[in-house]
1. Does residue 328 fit the bill of being in contact with a helix residue (DSSP H, G or I) (Cβ under 6 Å, 6 or more places away or on another chain) and not β-branched (Val, Ile, Thr)?
2. Going through the range 807-836 one residue at a time, which ones are within 20 Å of residue 911 (Cα to Cα) and among the charged types (D, E, K, R)?
3. Are any residues in the range 57-83 part of a strand (DSSP E or B), modelled with pLDDT under 90 and under 30 Å from residue 355 (Cα atoms), and if so, which ones?
4. Count, please, the residues in the range 378-406 that happen to be in contact with a strand residue (DSSP E or B) (Cβ under 9 Å, 6 or more places away or on another chain), assigned to a helix (DSSP H, G or I) and among the basic types (Lys, Arg).
5. Filter the range 222-248 for residues that are touching a Gly at 6+ places or on another chain (Cβ under 9 Å) and in contact (Cβ under 8 Å) with a residue 24 or more places away in the chain; which is farthest from residue 309 (Cα to Cα)?
6. Taking into account only those residues within the range 789-806 that are farther than 23 Å from residue 826 by Cα and of a type in the set (S, T, N, Q), which is farthest from the chain's Cα centre (by Cα)?
7. Residue by residue through the range 681-692, note down the ones that are surrounded by fewer than 19 Cβ atoms within 10 Å (Cβ to Cβ) and under 38 Å from the mean Cα position of the chain (by Cα).
Amino acid sequence: MKKTLLSIFLLMAVTSFAQTQTVTYSINPSTFEENTPITITINGSIDEGKWGITDHSLYLWAWAFDTNDTTQKGTPNNGSWDASSEASKFTYNPGTDTYTKTITPTIYYNTTGIGKIGFLVKAKNGNGDKKSQDILVEVGSFQVSLTSPIENSASIIASGSNFNITATNTNGTASYSLKANGTVINTNTSTASYSYSHVGITNNQSYELSVTQGATTIVKKFSVIVNPNTISEAMPAGLVDGINYNPADFSKATLVLDAPLKDFVYVAGSFNNWQPTSAYAMKKDPASGKFWLELNGLVSGLNNTYQYWVVDATPLANSPSLVKTADPYSTLVLSPYDDPSIPSASYPNLPAYPAGQQFEVTVLKTGQAPYNWQVTNFTKPEKEKLVVYEVLVRDFDAARNYQSLIDKIDYFKNLKINAIELMPVMEFEGNESWGYNTSFHMALDKFYGTSDKLKELIDICHQNGIAVILDVALNHAFGRNPMVRMWMNDPDGDGFGSPTAENPYFNTVAKHTYSVGEDFNHQSARTQYYVERVIKQWIQEYKIDGFRWDLTKGFTQSCTASDEACTNAYQQDRVDILKKYADYSWSLDPSHYTIFEHLGTENEEKQWADYKISETPSKGIMMWGKMTKEYNQLSMGYATESNISKMSSANRGFAANRLIGYAESHDEERLMYKNVQYGAVNGTYNVKTLNTALSRMSAIGAVSLLIPGPKMIWHFGELGWESSIFTCNDNSVNTDSDAAGGDCKLDTKPQPQWVNNWLGNSNRNKIYNDWAKMITLKKTEPVFSGTSTIPNANSLTVNIKITNASLTSAQLKDVLILANFDVTAQNVATGFPYAGTWYNLMDNTTINVTDINAPINLTPGEYRIYGNKTANLAIEDFEKGSTVNLYPNPVSNYFTLNTAAVKVQIFSVSGQLVKSFASNGNVDFQFGVSELQTGLYIVKASDENDKTQVMKFIKK
């Protein structure tokens, strides 16, 4: 069976992922042709409760092979793995407690020339391995039984041994032909049985026994693996696990595999025609116990593919003797499951998967030209000023690739965000996924594009002052992961399974209650080495600026899968190991962003948020700060649970601004969806009306984005996307609580924002532009790096005070944010710090405050952002006058402007006025700055109509 998990739930699956059940079955008639109607009967031994089934809804998942048993064919109406088609549903028979399904193979599989059918039984949503074993059944009255060895088996023998092969057939005599490594070594004609002994075997053998009766030929495959008596030899110094390229000789590369408890390993690949001889048996380093092999004769620039053949001569029960697997440290893998549906427009010239192989293979290529980075010394935005834009590449644009983001770089620039956070792009299972079902953590998933295209995206972001953060799922891995497969239980022999007790990387059962996939044991030294290699790969090879660590609650070994109180409590081992990983990241890049999605106890989060905060550069781990419920209550117009005080780090007990607060993320329902579904109503003011709901979103930005500390936007919140995150591929909405079953949260979403030109919609564009202004204020005005006061109360009238005590009264040092989220006009309490002139920072209009406590009347959804001074550093993004050029730049002694200005002011980057000029409209005026110190300065030039433009210059 092609085990393609299309998607997974993040933080949703709280049960074990080892739910495979063995079922007994019968087929009537037992021998049949491809056009014969057959009835498949499953007995009632299935424990439906394990799969969460309460109504006897079981489904058939089917596939078929051709008459040579080599090529999968046909298009049965299976539906998807997480939503089986109703056409594949079994009929439950309560009198006999059985399930039946009648099909005609040619019709059901939609093909002819069927030699074998395959099927399994599953729940409608098969995620979580809610399925039976794979069942394979021969088609046709002529059938062959391989009595020795077992079909598709790999027998382990000593060099020089003999190997016996026996088989029988039905329906009279047949002719037999046996191939070994592609060469016929024996034939036998006109018999109903077969027996042959292959003697003196010294090399690995891949056998094909072809049995012909009339016009029908059936092929049985099996293999012999010869124990090469592994050579013990010291490994050259400086090698790491995985591929070690030789920078001085492109014809060589050395492979290293850490496979404890395994007896021997071969390397099979394109360089030995996938038939490794003893020359490709890996040596074993006596000090480390690692297997290693130097490959020679490689051609520079040529794509090679390979797998490890990992052998355990005496495996545990239900574990395979031979596992064929890609390299755990692959940086590019080819998949027989996913690659055929990768668009060539996204990944041109994708290397072909090698014919005749199974499972993922690793790509090895010597002499690769390094990417030509245009930015080699990117300076990351300060943590306190980060505005992160979370994006799922798949759903950002209909093309679903990195090029889409590159093409829309102006969209990000104009929004003024300074960081993009990509949801996981490491090799994941399937193509239609959020990416959290990772299988190869060092490899880039090919569905979104090439390695160089991702680097181009990162490079362009850096050219525009935008950091790139990568979402990483290192709590777990999924079943295709080589470190799962090398030590796995595989009772049905399909090549996939769950970790055994011998597995040096994974727990056999999860040590926390939020398990997805297979649970890493982060107390294992090997797991720690693997994680650090992953960190190094993305920081050094891709210049990734930071990691958002998914599901950090899972990094403990102290709990069980059923003890949520333990999982959510303080765990010292989790604190320590995550600090260790942060330290390693900072050893490679001292300014690297480390972000944890913990959503747990604040005393544990404080350990990370305050960690090494006083170092230079300042460290401290940023914590995801979920505030969706509170902000959604405000946007809908409900006071209950609307307390937003914990949007501030200080209100969570963190010493510094290390909370990435957000009103929306990929994991929670859209604010706008709930606005239009459940919003409050008062007479003609109806939050459920789309444009009314949209009009309230600017205020949400004002009371979230401007609070000191890093913040996050989930893509298209800035345009008021009102579709549910549970929107299905057919545009219906289906949540995990729906009685019909199925959860469309992970389905691919449409992109109406581009098709319908949402930027051209004034109601949506206003949110985008207002948020852009607010983000500009946050990034450029020092006051927003100060402290905030947010009332600790539920209220629809919001009052936020922000101040920066390090600034002077001549600067913008105090801000008061007011908002009314009620559905009626309200007198909103103020509490200005002092009387005098205050400026609305969104448009620079003024009010004269004489009574600092006098309330201000705001209509529903209205907000104000008042400052004690104008926003000198951010004003360029609010008042676009005619283009004014300053030259020369850099400046030595003076500069001139290409237009007449009546007033010119110069500010330091901290916002302090350092010099001003009254040029009286003289276009030739020379603005002398010789006395200024070397550095960056901001120039604010105003004309006779009080139109203003802001520029920057460097003083030499």
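1. Values: in contact with a helix residue (DSSP H, G or I) (Cβ under 6 Å, 6 or more places away or on another chain): yes; not β-branched (Val, Ile, Thr): yes.
For residue 328, the condition - in contact with a helix residue (DSSP H, G or I) (Cβ under 6 Å, 6 or more places away or on another chain) and not β-branched (Val, Ile, Thr) - is met.
2. 813, 814
3. Restricting attention to the range 57-83, the residues satisfying the condition of being part of a strand (DSSP E or B) are 59-66, 72-73, 79-80, 83.
Checking the rest, the ones that are also modelled with pLDDT under 90 come to 65-66, 72-73, 79-80, 83.
The answer is 65, 66, 72, 73, 79, 80.
4. Of the residues in that region, 1 qualify.
5. Restricting attention to the range 222-248, the residues satisfying the condition of being touching a Gly at 6+ places or on another chain (Cβ under 9 Å) are 226, 244-245.
Now restrict to residues that are in contact (Cβ under 8 Å) with a residue 24 or more places away in the chain: 226, 245.
Values: 226: 11, 245: 21 Å.
Restricting to residues being touching a Gly at 6+ places or on another chain (Cβ under 9 Å) and in contact (Cβ under 8 Å) with a residue 24 or more places away in the chain, the top hit is 245.
6. Here is the first cut: in the range 789-806, the residues farther than 23 Å from residue 826 by Cα are 803-806.
Filter once more, keeping what is of a type in the set (S, T, N, Q): 803-804, 806.
On the way: 803: 37, 804: 37, 806: 40 Å.
The selected residue is 806.
7. Restricting attention to the range 681-692, the residues satisfying the condition of being surrounded by fewer than 19 Cβ atoms within 10 Å (Cβ to Cβ) are 681-686, 688-691.
Result: 686, 688, 689, 690, 691.
Yes/no matrix, rows are residues, columns are (1) touching a residue at least 40 places away in the same chain (Cβ under 8 Å); (2) of a type outside the set (Val, Ile, Thr):
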| residue | (1), (2) |
| --- | --- |
| 748 | yes, no |
| 751 | yes, yes |
| 754 | yes, yes |
| 757 | no, yes |
| 760 | no, yes |
| 773 | yes, yes |
| 784 | yes, yes |
| 787 | yes, no |
| 798 | yes, no |
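The values are calculated or read from the model by the stated rules, or taken from the named source; none is laboratory data. Small disclaimer: the values here were computed from a predicted structure and weren't measured. Using ideal geometry, Cβ is built from the backbone for each residue, glycine included, and neighbour counts are taken over all protein chains shown.
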